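Read the structure below first, then the notes.
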Amino acid sequence: MTDALRVVDVAEEHLDSAWQVRQRSFGPGGDKAEWRKTALEFAQDGRYLGVVDGDELVAAARIWPFEQWWGGRRIPMAGVAGVVVAPEYRGRGVASLLMRGVLQRSVEKGYPLSALYPATTVLYRHLGYEFGGGRYRFTFPAADLRMLGGRGVAVRKAGKADAQLFIELASKLHETQRSNGPLIWPLRQIESWLEDDDNFAYVAEDGFVVYNWSDGDLSIDELVAGSEETARALWATVGSGASIAKSVLVHTAPTDPVHLLAEHEAEAESRVQRWMLRLTDAPAAIAQRGYAAGAVLDLPVHLEDADLPANAGDWRLSVADGTGSLVAAEPSDDAVRLGARGLAALYAGTPVAALRGAGLLSGGSAAADAALDTAFGGSTAYMLDYF
Ligand SMILES: CC(C)(COP(=O)(O)OP(=O)(O)OC[C@H]1O[C@@H](n2cnc3c(N)ncnc32)[C@H](O)[C@@H]1OP(=O)(O)O)[C@@H](O)C(=O)NCCC(=O)NCCS
C-alpha cells in the first residue's frame, strides 16, 4: 500500500467515482439519481466512508443506522453495506483499511454492535466478525395458508401513517419472545415501504403483515402476530391469493408459529443466508443485551482485540436478573479467553462447545461453559432483511 491511501468521509465530489467503483464491483444496474440521493444522506450523517489515493476515491462502504434485538432488548447496530474496492486496488489491504475506519466510526457514533452479510468471510473474520445468525426463507403452499382461518379477527388496510404502530407491535413481540437478531429500520424507511403501491399492508389489533407479488407468487416481507387468532388471520389474508399464486415465500424465524400451524411443512427450497456480527464496544454491547431469565454468572474473561484495543484486556463478566455487565478487572488464571470472533459468536448464542471446537474460546471451566450457554442461549438468531 502507498502512503497516499487514506480513509475519508465520502463527500459530494466523490460520488461519481463511488458510483463507478460500485458498478465495477456489483455489476450494472440501479438508478443513479436515486442512488446519489441515498448516498448523500449517508454521507451527510458521517455514515459513508471511503479510501482515497490522492484525490481519487478507490473504495467505499456505508453504515446503516439500525437497531437490533438481542435477548429481547434493542441495541444500536451499525449495518455495514456496499463494501467495494476498485478492481485495480484489490488484493493489497484496501478493504481492510476501510473496514478498520468503519469499525472506528461505529464506535464513535455509538453503535456497540456491527453486522453485515459477507460476500467473502475471510476479510471480515480478520477484522473480528463471526457468523451471528441467518436469514431464513421458507416457501409455503398458498392453499395451506388460505385454510388457516382467523375470520373473527378485524384486519384493516395499513399505510404510511401506521409505520410507528408497526414498530410498536413488532417491539412488543420481540420483547415478549426475547428475540435475537431482527432489525429495526429507521422510521422513514418503513414509511417509504408502506407508501409503495407494490406493497400490501394489513394490520390487526396485535399484528400486521406486509407482502407483495414476486414472479407470480406472493412474498411476505414481515408478518408479526401477537396471538394465534391474529397469526391465522394474517397468514390467511396472504393465502387468499391462492387462486393465482401457488406459493408464498416468506422470510421468518425458524421457530415462527407458522411452522406449527401450516398443514404441510415448508417446501424444500427453503434457504438460509448467514450474516456476521461484531462487538465494537464490548462493555456497552454486554450491558445493553437481555439474557435468559434465571441465568447467573460472574466470571473472569480475557479478551484479545487488535483492531479495537479498547475491548482488549481483563474483565469480569456478570449476568443476573436478565442483565449483564463487563467491568475491567485484574488478570486471572481462570479466565475464559476469547478473541473478537469468539466473543461475537458467543454473544449470538453459539454453544461454547462449538467455540472450543473451532479454537475460538479457551480457558475457563466446565461450570463456566454451562453458565455461558445458559446466559447467552435462547431462540435462534435471525434477520428478515438483507441490506
Ligand atoms: C471483496 C473486496 C471488498 C476485497 O477488497 P480487497 O481490498 O482486495 O481486500 P483486502 O486486500 O483488504 O483483503 C483482506 C483479506 O481478505 C481476503 N480476500 C479479499 N477478497 C477475497 C475474496 N474474494 N475471496 C477470499 N478472500 C478474499 C484477502 O486475501 C485478505 O486475506 P489475507 O490477508 O489472509 O490474504 C473486493 O474484492 C471487492 O470490492 N469485491 C467486489 C464487491 C464485493 O464483493 N464486496 C464485498 C461485499 S460484502
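The values are calculated or read from the model by the stated rules, or taken from the named source; none is laboratory data. Here the structure is a predicted model, which is why all the values come from computation and not from measurement. Here the Cβ positions follow ideal geometry from the backbone for every residue, glycine too, while neighbour counts run over all protein chains shown.
Can you name every residue in region 82-97 that is near the ligand (Cβ under 6 Å from one of its atoms), under 25 Å from the mean Cα position of the chain (by Cα) and in contact (Cβ under 8 Å) with a residue 60 or more places away in the chain?
Answer for region 82-97, where residues must be near the ligand (Cβ under 6 Å from one of its atoms), under 25 Å from the mean Cα position of the chain (by Cα) and in contact (Cβ under 8 Å) with a residue 60 or more places away in the chain: 84, 85, 94.
Looking at 386, 382, can you tell me which residue is touching a strand residue (DSSP E or B) at 6+ places or on another chain (Cβ under 8 Å) and under 20 Å from residue 289 (Cβ atoms)?
Going through 386, 382 in turn, the sole match is 382.
Could you check region 255-303 and list, in sequence order, the residues that are in a loop (DSSP other than H, G, I, E, B) and surrounded by 15 or more Cβ atoms within 10 Å (Cβ to Cβ)?
If the condition is that a residue be in a loop (DSSP other than H, G, I, E, B) and surrounded by 15 or more Cβ atoms within 10 Å (Cβ to Cβ), then 256, 257, 262, 266, 270, 280, 281, 289, 290, 291, 292, 295 are the ones that fit.
Starting from region 184-203, take each residue that is among the hydroxyl-bearing types (Ser, Thr, Tyr) and list its partners that are assigned to a loop (DSSP other than H, G, I, E, B) and at pLDDT 95 or above, counting only C-beta distances under 7 angstrom and pairs at least six apart or across chains.
202/155; 202/158
If you take the residues of region 101-147 that are surrounded by 19 or more Cβ atoms within 10 Å (Cβ to Cβ) and free of Cβ contacts under 8 Å to residues at least 60 places away in the same chain, which of them is farthest from the ligand (Cβ to nearest atom)?
Among them, the one singled out is 105.
Can you tell me which residue is nearest to the chain's Cα centre (by Cα) among those in region 366-385 that are of a type outside the set (Val, Ile, Thr) and assigned to a loop (DSSP other than H, G, I, E, B)?
My answer is 383.
Is it true that residue 46 is surrounded by fewer than 20 Cβ atoms within 10 Å (Cβ to Cβ), under 27 Å from residue 4 (Cβ atoms), at pLDDT 95 or above and near the ligand (Cβ under 8 Å from one of its atoms)?
No.
Give me a count of the residues in region 72-81 that are surrounded by 24 or more Cβ atoms within 10 Å (Cβ to Cβ) and either more than 14 Å from the ligand (Cβ to nearest atom) or touching a residue at least 60 places away in the same chain (Cβ under 8 Å) (or both).
Going through region 72-81 one residue at a time, the tally reaches 3.
Within region 121-204, considering only helices (runs of 4 or more DSSP H) that don't extend past its boundaries, which have at least 1 residues that are closer than 15 Å to residue 384 by Cβ?
Filter on region 121-204 gives 163-177, 187-194.
One residue is enough: does region 310-332 have a residue meeting the conditions under 25 Å from the mean Cα position of the chain (by Cα), in a loop (DSSP other than H, G, I, E, B) and either in contact (Cβ under 8 Å) with a residue 40 or more places away in the chain or at positive phi (or both)?
Yes; the residues of region 310-332 include at least one that is under 25 Å from the mean Cα position of the chain (by Cα), in a loop (DSSP other than H, G, I, E, B) and either in contact (Cβ under 8 Å) with a residue 40 or more places away in the chain or at positive phi (or both).
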